[in-house]
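**Q** This is the structure I have questions about; it appears just below.
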Amino acid sequence: MSDLKTAKDAVPETPVFANTGVSAERLGDILAIADGVIVGTSLKVDGDTWSRVDPARAERLMDTARALRSKGS
């Protein structure tokens, strides 16, 4: 998170995206700094890069994103 904050502070007018460590549980903290996210492994079955996308994990992330958006976060 400190690297993400450093990057955003360095270029405040430029969109900064988090591309690692993004999960439903951390989404609120990440989006408090970043302008967006790139999500990969946390959506996979058992968090394994080479597995298929787990629909339940994807739904949980999107439900979290929608809740954050409705709160204005």
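**Q** Given labels modelled 7 Å from the Cα in the Cβ direction, how far is it in nm from Arg52 to Ile33?
**A** If labels sit at Arg52 and Ile33, their model points lie 3.5 nm apart.
**Q** Using the Cα atoms of the chain, I'd like the radius of gyration and the largest Cα-Cα distance, Dmax, both in angstrom.
**A** My reading of the Cα-based Rg and Dmax gives 12.9, 37 Å.
**Q** Also: Please report, as a whole percent, how much of the solvent-accessible surface of the chain comes from carbon and sulfur atoms (probe radius 1.4 Å).
**A** Whole-percent figure for carbon plus sulfur exposure: 53.
**Q** Can you give the extra length, in nm with one decimal, that the chain gains between Arg66 and Lys8 once fully stretched, where that is 0.36 nm per residue apart less the Cα-Cα distance?
**A** So the chain would gain 18.6 nm between Arg66 and Lys8.
**Q** Angle check, please: helix 55-71 long axis (alpha carbons) against the longest principal axis of the chain (alpha carbons), in degrees 0 to 90, nearest 10.
**A** 30 degrees
**Q** Could you pull out every residue, at least 5 positions away or on a different chain, whose amide H is within less than 5 Å of the one on Lys44? Hs are placed 1.01 Å off N in the peptide plane, and Pro or chain starts have none.
**A** Placed amide hydrogens put Asp54 under 5 Å from Lys44.
**Q** Based on DSSP H runs of at least 4 residues, each adding -39500 (n - 2.57), what is the mean residue ellipticity at 222 nm of the chain after dividing by all its residues, to the nearest 500 deg cm²/dmol?
**A** Here the helix-only value at 222 nm equals -12500 deg cm²/dmol.
**Q** With θ set to phi - 60° and the Karplus curve 6.51 cos²θ - 1.76 cosθ + 1.60, what are the ³J(HN,Hα) couplings of the range 33-45 in order, to the nearest whole Hz, using x for Gly and Pro?
**A** 10, 7, 8, x, 9, 10, 10, x, 4, 5, 8, 8, 3
**Q** Loop only per DSSP, at most 13 neighbouring Cβ atoms within 10 Å: give me the GluC sites (Glu not before Pro) in the range 1-64, ordered by residue number.
**A** On the way: sites: Glu13, Glu25, Glu59; in loops: Glu13, Glu25.
For GluC sites (Glu not before Pro) across the range 1-64 that sit outside H, G, I, E and B with at most 13 neighbouring Cβ atoms in 10 Å, the list reads Glu13, Glu25.
The values are calculated or read from the model by the stated rules, or taken from the named source; none is laboratory data. Please read all numbers here as calculations on a predicted model, not as lab measurements. Methodologically, a virtual Cβ is constructed for each residue, glycine included, from the backbone with ideal geometry; neighbour enumeration extends over all protein chains shown. Heavy atoms of the whole protein, side chains included, go into the accessibility calculation; ligands, DNA and RNA do not. Shrake-Rupley method; radii C 1.70, N 1.55, O 1.52, S 1.80 Å.
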